[in-house]
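Only one structure is covered here, and it is reproduced in the block below.
The values are calculated or read from the model by the stated rules, or taken from the named source; none is laboratory data. Remember, it's a predicted structure, so these values are computed and weren't measured experimentally. A quick note on method: Cβ atoms are made from the backbone with ideal geometry, for glycine too, and the neighbour counts reach across all protein chains shown.
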Amino acid sequence: MVMSVENDVTRLLADPLRARIVELLAREALCTCHLVEETGAKQTNVSNHLRVLREAGLVETEPCGRFTYYRLRPEPMRALAVRFTELAAAAEQTRNDGSRRPCP
């Protein structure tokens, strides 16, 4: 089975700390030290999650002196929102027309 980008993003956001990091980065660009302070997680744990998010294309980096700021990229979040909107519309249609697969 081929995983879609939306499925990959959903899987990544299933981790509570990673989801919290994404939520914080949606509001402002932050460096690792800010995220450690906000989440209470260890620096190595936050850094590992940021690496995963960066490799997945969900966050981008912005060097600032000796610090690196992280910023959430809106495009993957928008694509996920579109996919969830499509799923909600399909579920609503199924509910309205009573669609169901017959049992064998």
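In the set (1) on the phi < 0 side of the Ramachandran plot; (2) modelled with pLDDT under 90, Gly98 fails one condition alone, (1). Pairs are defined by a Cβ separation below 6 Å, a sequence spacing of at least 6 or placement on different chains, a first member in the range 76-99 that is under 22 Å from Gly57 (Cα atoms) and surrounded by 10 or more Cβ atoms within 10 Å (Cβ to Cβ), and a second member that is aliphatic (A, V, I, L, M) and modelled with pLDDT of 90 or more; the pairs so defined are Pro76/Leu58. Starting from residues that are surrounded by 10 or more Cβ atoms within 10 Å (Cβ to Cβ) and out of contact with any helix residue (DSSP H, G or I) (no Cβ under 6 Å at 6 or more places or on another chain), keep the ones in the range 58-69 and report whichever is farthest from Ala19 (Cα to Cα). So, considering only residues that are surrounded by 10 or more Cβ atoms within 10 Å (Cβ to Cβ) and out of contact with any helix residue (DSSP H, G or I) (no Cβ under 6 Å at 6 or more places or on another chain), the one farthest from Ala19 (Cα to Cα) is Cys64.
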